[in-house]
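In what follows, a structure is listed as structure tokens, so that the remarks can point back to it.
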Amino acid sequence: MCAIGNRARTRSAPRSRRALALQYMSSERQEGKSTRKTNELILSADKRTFANRQHTMTEHLDLLEIVRRPLSPDARLEVQVSWEEYGRVQAILENDESKYPRLWYDGTRNVAIVAAPPSALHANMAGGLMASIIREVLTQQGLSSEVSRGFTLSTETGNTRGRTTRGRDGAMLYREGNRTTLMIAVEVGVSQSYESLRAAISWCVCALHCHLGIAMCIREQGPGEVPDRPQYPSIQDENAAVDEAEEDFRRQLTERPYGPLVRHGVTWFGRVQRVVLETYRAPDESITERTILDPSRSFTIVEDGEFVGGDVPPNLQEVVLGDCIPDHILDGDAIVARPVNFFRRDWFEALFQDGMVRTAGKRMRPRHQ
């Protein structure tokens, strides 16, 4: 389900361990029409579609077998297993020294989360958000070079609290001597359910205590199953065919900036139905790591294949310098509250469209890559 709005709620219930329930977090539900008012987005859900997107693994199939299966980019699977079984499989993956799939654990529900590699679109937007924020901060007047040297960016890192281990798409940290403070965390969901995306960014704020969480939810219209991938006589033929297709896709973007991208009658990337950018903050000290937050701001950037974010404030009405640098390092309240105007249409569209093209090109390659 994707249900974006300031008062959305999410509930999860663990299933029997022996059932090894496998929930495709990359699934979407049928969405109803929406009216854009005060930059809020409310989507309806079709429960029957949601039910049809769930699959139950047979009892003989264990977590290791699941992580060994090929996964489509951006896919996220949830498997109910014990902490001990998660630990055994995690140790095997670490010994293999393979970057993907990533394996995390939700100790509140006793669920392992299997995360496939991000698509080019996912990676572009996570990196683009962080790069734009840091670029804007470094151009602020009044910051010394010593202050600027304290910034650290990280991506795809893992964090553990008790029996919960999660990753994040990007983070801005500030280092003072041997102390590092998590300032901003970024999460991007392309095929990920909105509930899962909101839970991930809420955990960064509530459990890791970052000052600000930023989440981007991207919905591709009716992607369905990836078409049968072409077979190529050689890797040289494959590269040439994909390069030619990507050039064709870039030409198509001049008429359809947000898709679909079609080659010889086959849709390799569907039209972008919606992109929403949200911010998250801890409301008070009473929160726990299990708290699921409502967004403090929610802005629609793309809707029905059209850019509609022209009136979105460049700092989303709240991102300030004090979110990027600890207050005690900054000189005065005025500087702490100075807006960080990081959101710009030019970089957003350039990175988004490049990500669409490269994601479509990847879908044309055989599964072995």
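Picking from Leu197, Leu208, which residue would you name as being within 18 Å of the chain's Cα centre (by Cα) and surrounded by fewer than 20 Cβ atoms within 10 Å (Cβ to Cβ)?
Values: Leu197 fails: surrounded by fewer than 20 Cβ atoms within 10 Å (Cβ to Cβ).
Leu208 is the lone residue from the list that is within 18 Å of the chain's Cα centre (by Cα) and surrounded by fewer than 20 Cβ atoms within 10 Å (Cβ to Cβ).
Please go through region 89-112 and give me each residue that is over 18 Å from Ser196 (Cα atoms) and either among the aromatic types (Phe, Trp, Tyr) or in contact with a Leu (Cβ under 8 Å, 6 or more places away or on another chain) (or both), ordered by number.
Initial filter on region 89-112 (over 18 Å from Ser196 (Cα atoms)): 89-100.
Residues satisfying the conditions are Val89, Gln90, Ile92, Leu93, Tyr100.
Give me the pairs, please: first residue somewhere in region 297-323 and in the same structural domain as Gln140 (by TED's automatic domain parsing) and over 16 Å from Ile214 (Cα atoms), second residue anywhere and surrounded by 15 or more Cβ atoms within 10 Å (Cβ to Cβ) and hydroxyl-bearing (Ser, Thr, Tyr), beta-carbon distance under 9 Å, and either six or more positions apart or on two chains.
Sorted first by the residue in region 297-323, then by its partner, the pairs are Val302/Tyr258; Glu303/Ser34; Asp304/Tyr258; Gly305/Tyr258; Glu306/Tyr258; Phe307/Tyr258; Val308/Thr300; Gly309/Thr300.
Name the single residue that is nearest to Ile218 (Cα to Cα) among those in region 74-107 being touching a residue at least 60 places away in the same chain (Cβ under 8 Å) and in a loop (DSSP other than H, G, I, E, B).
Asp74
When you look at Asp311, is it more than 24 Å from the chain's Cα centre (by Cα) and either among the charged types (D, E, K, R) or at pLDDT below 95 (or both), yes or no?
Working: more than 24 Å from the chain's Cα centre (by Cα): no; either among the charged types (D, E, K, R) or at pLDDT below 95 (or both): yes.
So Asp311 fails the test.
Would it be correct to say that Arg250 is assigned to a loop (DSSP other than H, G, I, E, B) and within 27 Å of Pro366 (Cβ to Cβ)?
Judged against the criteria, Arg250 is not a match.
One line per residue, one yes/no per condition, for (1) within 18 Å of Arg219 (Cα to Cα); (2) surrounded by fewer than 16 Cβ atoms within 10 Å (Cβ to Cβ); (3) touching a strand residue (DSSP E or B) at 6+ places or on another chain (Cβ under 8 Å); (4) of a type in the set (Phe, Trp, Tyr):
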{"residue": "Ala240", "(1), (2), (3), (4)": "no, yes, no, no"}
{"residue": "Tyr258", "(1), (2), (3), (4)": "yes, no, yes, yes"}
{"residue": "Gly265", "(1), (2), (3), (4)": "no, yes, no, no"}
{"residue": "Arg271", "(1), (2), (3), (4)": "yes, no, yes, no"}
{"residue": "Tyr280", "(1), (2), (3), (4)": "no, no, yes, yes"}
{"residue": "Asp323", "(1), (2), (3), (4)": "no, no, yes, no"}
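For region 263-303, which positions are among the acidic types (Asp, Glu) and under 20 Å from the mean Cα position of the chain (by Cα)?
We begin by selecting, within region 263-303, every residue among the acidic types (Asp, Glu); these are 278, 284-285, 289, 294, 303.
Of everything in region 263-303, those that are among the acidic types (Asp, Glu) and under 20 Å from the mean Cα position of the chain (by Cα) turn out to be Glu278, Glu289, Asp294, Glu303.
For Gly167, indicate whether it is touching a strand residue (DSSP E or B) at 6+ places or on another chain (Cβ under 9 Å) and outside the structural domain of Gln192 (by TED's automatic domain parsing). Give the derivation first.
On the way: touching a strand residue (DSSP E or B) at 6+ places or on another chain (Cβ under 9 Å): yes; outside the structural domain of Gln192 (by TED's automatic domain parsing): no.
In short, no.
The values are calculated or read from the model by the stated rules, or taken from the named source; none is laboratory data. These figures come from a predicted structure and were not determined experimentally. Every residue, glycine as well, gets a Cβ built from its backbone with ideal geometry; the counts of neighbours run over all protein chains shown.
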